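Let me begin by presenting the structure, written as structure tokens, before commenting on it.
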Amino acid sequence: MQKGKFITIDGVEGAGKSTQITFICDYLKSKGINVVLTREPGGTELGEKIRTLLLNPETKSMHSDTELLLMFAARNEHINAKIRPLLQAGDCVLSDRFTDASYAYQGGGRGLDMRRIAELESWVLQDFVPDMTLLLDVPVELGMSRVESRGKKDRIELEDIDFFNRVRESYISRSKQFPDRIKLIDSSKTVEHTTQQIKVILDLL
């Protein structure tokens, strides 16, 4: 794999991203690749402040459009202040969530018009897209049972099961729409089973 690649990892709650992120970073480093881990919303000082506002359970009422705009505001800062400079320096950047999450959560989950999300994507990202997206897929009931075992939930995790089913459907729809970029990975079985799928994909990048 050449340096300067932008990889994103996404999926519904409880899909196992945190565990696999550790594997991905270690695996790439073992190949001599300098990988920088970041996340959305967040990744920058400003982005992390927006993240706190978005995920705080005490943030009771927020219009869905406001949520979407805050996500893209954080993303704009993230791309320009962190991701692009790292890629230009030849680093590999791994982001925990990216624009696909806006289509899934604000589009699918909140029911916002996908065309409006696309307009924001075009404005903020222009022609900037990840080289690869690893989409971890798990049935919502299983994913949420994993979330329950972690304890306290954030503002998004407090949504109902129907919300997350719509999120999952949107993710799967996007994987069919962009099969060359988005690699759908079954993460419903063992950690090792998921890891092996990811390893095979990374070796092809």
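Every read-out reported here was derived from the displayed coordinates using simple, explicitly stated rules and does not represent laboratory data. Since the model is a prediction, treat every value here as computed from it, not as a measurement. Cβ: placed from backbone, ideal geometry, glycine included. Neighbour counts: every protein chain shown.
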Inset, instruction - Please report, in Å, the Rg and the Dmax of the chain, where both are computed over Cα atoms only. - result: 16.2, 46
Inset, instruction - Set the Förster radius R0 to 25 Å, insert the Cβ-Cβ distance between Leu69 and Ser173 as r into 1/(1 + (r/R0)^6), and round the FRET efficiency to 0.05. - result: 0.65
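Hey, with R₀ at 25 Å, roughly what FRET efficiency would Trp123 and Asp186 work out to, going by the Cβ-Cβ distance, to 0.05?
0.15
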Legend entry - Local net charge near His78, Cβ-Cβ under 15 Å (Lys/Arg +1, Asp/Glu -1): -2
Legend entry - Length gained when the stretch Met62-Thr22 is fully extended (0.36 nm per residue, less Cα-Cα span): 11.1 nm
Legend entry - Gain on full stretching of the segment that runs from Lys31 to Arg150 - 0.36 nm per residue minus C-alpha separation: 39.6 nm
Legend entry - Contact order normalised by residue count of segment 6-204, Cα under 8 Å, 6+ apart, percent: 34
